[in-house]
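K.L.:
So that we are looking at the same thing, I have put the structure below in structure tokens.
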Amino acid sequence: MPTPKTHLAFGPHADAAPSPMYVPAAHQWISATTGRIAPDGYSWMQAVCWAHLDNTYRPARGHGPQHIGQTTLRVAVELARLAPCRPGVGYLVRLLKLSKRTIQYHLGILREAGLLAYQTKGTRVRGEGGRASEFVWTIPAAFDTALRLVTRTCDRYIRALQGIADEGRALMKRLAKMARKLMRRPRRSRRATPTINRASSTRRCTPMEGGSESSSTAGTTSLPSEAKLDRGTSKPPTPKKSKGTGRRTLNVIGRRYQLARELTEQIDWLRGCSVARIAWVAREVSDAGWSAQEVRAWLHFRGGEAARVHRASGLLAVLLRSAVRTLDTADKRAEVISDWRQATEAARRGRIQQVRARAERYDGDWQAPRSAAVRRLVTEAFTPNCEAHAGAEALPALGGPQDLTGQELRVMRDSAWAEFLQGDTALVTSAVRAFGRPVAESMYGVDLVQRVLRLSRRSSLMSLGRR
């Protein structure tokens, strides 16, 4: 007779009557649960094993299973292997060979025990069939209390595990061993295929070969004449099957995944998305025979060039909503592809022209500064040199940046920084040549002058920006 299960607890209150584990329907959602989210399926299975050994779950109904048994553990093992945990009832029926009602009973047991919480509840959509519910693995607070686990507040996991007391380590090892044993996949046994010995199934020609006849028939056999012998060019009665050299033909699901993989590789804002999710979103255009180029051409026609995308699969679903109905023929799709290629080529030419114009701007003659204060300083700097070369009287020495007010210096430095970030260093280099480096540093700052001089000594292919 098996030993009845007992409540697993520690401390002075171990002998007290355990409180029944039951979570009402209103608290079976992730937004209302009091448990913490399990980080993986293995950790969650330890909590399920604890609930099985604890045996304090009491359902509110009077029919169906009344405790967490072996069938509940079988269902939980399959749920622990799903990420995300979105099991269909039909899928579990085919996998576990159980009835639909049994699967529903044990899913309800896991929810009422605080081990599962709804993320989204399954619905039925007209024309698309049913959608399975998505669950989140949760660990009830009673498990943390029983094993003396130390938790802390966390936004993502509601409570995050921080440590464990010495009293709960033995039970934790037992639960880990039990969960590991349950989640170990059974080794598949090879099917015993009977080997047919063709030599023993056919009748031998001679008694030496083990035939059923004791006399040889070789004496009555007459050899054919050489004139009637065949040349050996005839085909055998059973030709050998030649191995196919062509590519394997994809079915409907394979074509969806192939199109989704191409889209995630070719479209920038789809990179990193789940191929399975994109295959489900693009199933309509894939079943209609669309290629990746046709989808990209439709997105350009539809206006799918987004600078910032929060949820790429949702945006793709919106953009592809009326694609098959709008481009219902191959000619329409070919026309859209032609327009997309022309627009792509025009954009490429525009970028090339911008690069060339920018290069010509760098290689052109010196332009006058845009700031009025800087233009005045440059004019005053070059005027004494021209008059001295012409033999005129020498003018008094120019004033330095100390003659400028703080507002004028701030305006000069902002203008110089703006032109430097656009790739134009003529304003600072002209001041260095005219007044010298110390005066230029006092006008524009040491940092900007050092950057400009360093840029003039190196290649022009470098990124600009403040530190």
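K.L.:
Considering segment 446-460 alone, what residues qualify as being more than 22 Å from Gly406 (Cβ to Cβ) and modelled with pLDDT of 80 or more?
P.N.:
If the condition is that a residue be more than 22 Å from Gly406 (Cβ to Cβ) and modelled with pLDDT of 80 or more, then Gln450, Arg451, Val452, Leu453, Arg454 are the ones that fit.
K.L.:
Let me ask something else about it. Can you tell me how many residues within segment 276-300 are within 19 Å of the chain's Cα centre (by Cα) and surrounded by fewer than 17 Cβ atoms within 10 Å (Cβ to Cβ)?
P.N.:
3
K.L.:
Please go through segment 306-350 and pick out each residue that is part of a helix (DSSP H, G or I), of a type in the set (A, V, I, L, M, F, W, C) and touching a helix residue (DSSP H, G or I) at 6+ places or on another chain (Cβ under 8 Å).
P.N.:
Ala312, Leu315, Leu316, Ala317, Leu319, Ala323, Val324, Val336, Ile337, Trp340, Ala343
K.L.:
Restricting attention to segment 261-288, report how many residues are out of contact with any Phe, Trp or Tyr (no Cβ under 8 Å at 6 or more places or on another chain) and more than 19 Å from Leu327 (Cβ to Cβ).
P.N.:
Total meeting the criteria: 13.
K.L.:
When you check Val150 against the structure, is it touching a helix residue (DSSP H, G or I) at 6+ places or on another chain (Cβ under 9 Å), within 23 Å of Asp40 (Cα to Cα) and assigned to a strand (DSSP E or B), yes or no?
P.N.:
yes
K.L.:
Quick one: which of Ser286, Ser291 is under 18 Å from Glu335 (Cα atoms), at pLDDT 90 or above and in the same structural domain as Asp339 (by TED's automatic domain parsing)?
P.N.:
Ser291
K.L.:
Okay, moving on. With the structure loaded, tell me whether Tyr91 is of a type in the set (Phe, Trp, Tyr) and touching a Gly at 6+ places or on another chain (Cβ under 6 Å) or whether it fails that test.
P.N.:
No: the conditions fail for Tyr91.
K.L.:
Let me ask you something else. Just the residues that are on the phi > 0 side of the Ramachandran plot and at pLDDT below 80, please, taken from segment 419-445.
P.N.:
Result: Gly423, single match.
Yes/no matrix, rows are residues, columns are (1) assigned to a helix (DSSP H, G or I); (2) assigned by TED's automatic domain parsing to the domain that holds Arg94; (3) within 18 Å of Leu96 (Cβ to Cβ):
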{"position": "Ser31", "(1), (2), (3)": "no, yes, no"}
{"position": "Thr34", "(1), (2), (3)": "no, yes, no"}
{"position": "Tyr42", "(1), (2), (3)": "yes, yes, no"}
{"position": "Met45", "(1), (2), (3)": "yes, yes, yes"}
{"position": "Pro59", "(1), (2), (3)": "no, yes, no"}
{"position": "His63", "(1), (2), (3)": "no, yes, no"}
{"position": "Leu73", "(1), (2), (3)": "yes, yes, yes"}
{"position": "Glu78", "(1), (2), (3)": "yes, yes, yes"}
{"position": "Ala83", "(1), (2), (3)": "no, yes, no"}
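K.L.:
Please go through segment 98-153 and pick out each residue that is of a type in the set (D, E, K, R) and surrounded by fewer than 16 Cβ atoms within 10 Å (Cβ to Cβ).
P.N.:
The answer is Lys100, Arg101, Lys121, Arg124, Arg126, Glu128, Arg131, Arg152.
The values are calculated or read from the model by the stated rules, or taken from the named source; none is laboratory data. If you're wondering where the values come from, they're calculated on a predicted model, not measured in any experiment. No Cβ is skipped: glycine too gets one built from the backbone with ideal geometry, and neighbour counts run over all protein chains shown.
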